[in-house]
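K.L.:
Quick one: the structure is below, questions incoming.
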C-alpha cells in the first residue's frame, strides 16, 4: 500500500477525493485531515505523497510544506493544492520547491493529480508482485 496524506480544510473536497481514490486506486491508503496543525502529527518521512491545501486557517500550506521537509519528507513527494491560478502558484513555489502546485478546481490540473495517483498505484502493484515472488 502506498500512503497518501491530504491536509485540506475543504470538507467537501476531502470527501470527493476520498471517494475517488477509494474507487479508482485500491493500492493507495488515503488519510485526510481538515486541521493543518493536527495534520502535522501525521507527517512522516516515509509518506509516499503529501497533498497540502495552500490556504487554511491556523497555518498555511507553505508552513506545512516547510515542516514536512524538516521532518525529512522529500519535497518531490509534496504537492500544494489551491483554488488560485497556476501562474500565481508557480511564482510562490518555484520549480524544485515541491513536486507540483495545482489548482484543484481546474480539470487539466486535476488530470495531473490523476496521473500521479496512477503512478503510485502502479508502484504499489509492483511492490505487491515482488513480495509474492
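K.L.:
With the condition kept exactly as written, say whether any residue in the stretch 90-97 is in contact with a helix residue (DSSP H, G or I) (Cβ under 6 Å, 6 or more places away or on another chain) and buried (at least 19 other Cβ atoms within 10 Å of the Cβ).
P.N.:
no
K.L.:
For the stretch 76-90, does any single residue satisfy the condition of being in a helix (DSSP H, G or I), modelled with pLDDT of 95 or more and under 17 Å from residue 28 (Cα atoms)?
P.N.:
Looking through the stretch 76-90, at least one residue is in a helix (DSSP H, G or I), modelled with pLDDT of 95 or more and under 17 Å from residue 28 (Cα atoms).
K.L.:
Going by the conditions given, is residue 2 at pLDDT 95 or above, surrounded by 14 or more Cβ atoms within 10 Å (Cβ to Cβ) and under 13 Å from the mean Cα position of the chain (by Cα)?
P.N.:
So residue 2 passes the test.
K.L.:
Here's a follow-up. Please list, ordered by first then second residue, the pairs with beta carbon atoms under 6 Å, 6 or more apart or interchain, first in the stretch 6-20 and in contact (Cβ under 8 Å) with a residue 24 or more places away in the chain, second in a loop (DSSP other than H, G, I, E, B).
P.N.:
As it stands, the answer is 9/34; 9/56, since those pairs meet every condition given.
K.L.:
Just checking, does the stretch 13-23 include any residue being in a loop (DSSP other than H, G, I, E, B) and within 15 Å of the chain's Cα centre (by Cα)?
P.N.:
There is no residue in the stretch 13-23 that is in a loop (DSSP other than H, G, I, E, B) and within 15 Å of the chain's Cα centre (by Cα).
K.L.:
Between a first residue in the stretch 47-66 that is within 15 Å of residue 14 (Cβ to Cβ) and a second residue that is assigned to a loop (DSSP other than H, G, I, E, B), which pairs have beta carbons less than 6 Å apart while being 6 or more apart in sequence or on different chains?
P.N.:
53/8; 56/9; 61/54
The values are calculated or read from the model by the stated rules, or taken from the named source; none is laboratory data. Computed from a prediction, not measured in an experiment: that's the story for all the values here. Virtual Cβ from ideal backbone geometry, glycine too; neighbours counted across all protein chains shown.
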